[in-house]
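The values are calculated or read from the model by the stated rules, or taken from the named source; none is laboratory data. Everything quoted here is computed from the prediction, not taken from an experiment. FYI the Cβ positions are ideal-geometry reconstructions off the backbone, even for glycines, and counts take in every protein chain you see.
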Amino acid sequence: MQPILSVSQVSKTYGSGQKALEHVDLEIRRGEIFALLGPNGAGKTTLISIICGIVTPSSGTILVDGHDAIRHPREARSRIGLVPQELSVDMFETVLATMRFSRGLFGKAQDPAHTEQVLRDLSLWDKRNSKIMELSGGMKRRVLIAKALSHEPDILFLDEPTAGVDVSLRRDMWKLIGSLRERGVTIILTTHYIEEAEEMADRVGVINKGQLLLVDEKSALMKKLGKRELDLSLVEPMETIPAGLEDWHLSLEDEGHRLRYTFDAQAERTGIPSLLRKLGELGIAFKDLDTSKSSLEDIFVDLVEHRDAANEGAAA
């Protein structure tokens, strides 16, 4: 199936010489939820802004549902809804007027049924005649989402959609995203709430310092890069790890009350049986053991830190 969005060799260098993006290649499948993760300043918002026609790339091509976003920006942009980080609405307009105006900008005839459904889904119908300046911060964020959905886009970008919003809005937003996905809308989000990406996304991309480090299925990424940890609750606390245990690269946690072993669950040999035997030989008793697996956040942090360390080593 042809991707609904194709980004090829997109770079952006500002007049100051700052490189915001370097040769980014990315394909988004129709109907998927794609999470783009990265620290502040990684290039997430720049990439979204380029795709949406807000920022001009220095090089590269972008196809939105087959339309060249650089040569034919209007056709490409009409298929995209964008929920930006910052509020971008007329504070003196009403909620209903804002949504109607946004729909009209894309040349669409008014559809009262669609407008009402979106506002109801976002718990805004009762506020439809209120001026935006009269709304709470959470309600203003809901208006941004309604505005982005006004023209029934095929692709919805959510740039840090739940940053600084209340739990109620976050819950409503993810419920809405689920229903949009069921209707075939492709959703691309950036978020600092990595647990949301872990729960919602089909695929994950990690970007740092303008470079797309990897793109993979969420489950495959966690299988390939995720680690497991074995925690042993000791009967007697330790001050240091005995010399006989150096082969396992253990760490002491909880002021010496826990011994932690990190291992690759996919490896042919995990090293756990030999570790437990060695503990017995050394007379180290434990009263409980527990295993846990890496979260998406652990994987993300490891990827970014390892790439930064590699770059520093190359520079040296």
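Quick notes
- So Glu134, is it out of contact with any Ser or Thr (no Cβ under 8 Å at 6 or more places or on another chain) and without any contact (Cβ under 8 Å) to a residue 24 or more places away in the chain: yes
- Of all the listed residues (Arg128, Arg183, Arg103, Arg170), the sole one being touching a Pro at 6+ places or on another chain (Cβ under 9 Å), assigned by TED's automatic domain parsing to the domain that holds Gly205, of a type in the set (Lys, Arg) and at negative phi is Arg170.
- Any hit, the range 225-234, residues being closer than 30 Å to Val10 by Cα and in contact with a helix residue (DSSP H, G or I) (Cβ under 7 Å, 6 or more places away or on another chain): yes
- Members of the range 120-131 found to be at pLDDT 95 or above, outside any loop (DSSP other than H, G, I, E, B) and not aromatic (Phe, Trp, Tyr), listed by number: Asp126, Lys127, Lys131
- Being crowded, with 16+ Cβ neighbours inside 10 Å, touching a residue at least 24 places away in the same chain (Cβ under 8 Å) and touching a Lys or Arg at 6+ places or on another chain (Cβ under 7 Å) is a description that does not apply to Leu158.
- Residue ID - nearest to Leu169 (Cα to Cα), chosen from residues in the range 87-100 that are out of contact with any Phe, Trp or Tyr (no Cβ under 9 Å at 6 or more places or on another chain) and loosely packed, with under 15 Cβ neighbours inside 10 Å: Leu87
- Residue count for the range 75-86 under the criterion of being within 17 Å of Val7 (Cα to Cα) and surrounded by fewer than 19 Cβ atoms within 10 Å (Cβ to Cβ): the result is 1.
- Matching residues in the range 51-69 - criterion: being surrounded by 16 or more Cβ atoms within 10 Å (Cβ to Cβ) and either among the polar types (S, T, N, Q) or not in a helix (DSSP H, G or I) (or both): Cys52, Gly53, Val55, Pro57, Gly60, Ile62, Leu63, Val64, Asp65, His67, Ala69
- Of note, Thr98 satisfies the criterion of being among the β-branched types (Val, Ile, Thr), out of contact with any Cys (no Cβ under 7 Å at 6 or more places or on another chain) and free of Cβ contacts under 8 Å to residues at least 60 places away in the same chain.
- Under the condition of being basic (Lys, Arg) and surrounded by fewer than 21 Cβ atoms within 10 Å (Cβ to Cβ), the residues counted in the range 6-50 number 3.
- Given (1) closer than 28 Å to Asp298 by Cα; (2) in a strand (DSSP E or B), index of the condition Lys12 fails: (1)
- Restricting Lys140, Lys147 to those that are surrounded by fewer than 18 Cβ atoms within 10 Å (Cβ to Cβ) and touching a helix residue (DSSP H, G or I) at 6+ places or on another chain (Cβ under 9 Å) reduces the list to Lys140.
- Candidate set: the range 103-127, residues that are buried (at least 19 other Cβ atoms within 10 Å of the Cβ) and in contact (Cβ under 8 Å) with a residue 40 or more places away in the chain; chosen: the one farthest from Val143 (Cα to Cα): Arg103
- Matching option when the condition is modelled with pLDDT of 95 or more and more than 22 Å from Ala197 (Cβ to Cβ), among Ser88, Ser58, Ser16: Ser58
- Restricting the range 187-235 to residues that are in a loop (DSSP other than H, G, I, E, B) and crowded, with 19+ Cβ neighbours inside 10 Å, the residue that is modelled with the lowest pLDDT is Thr191.
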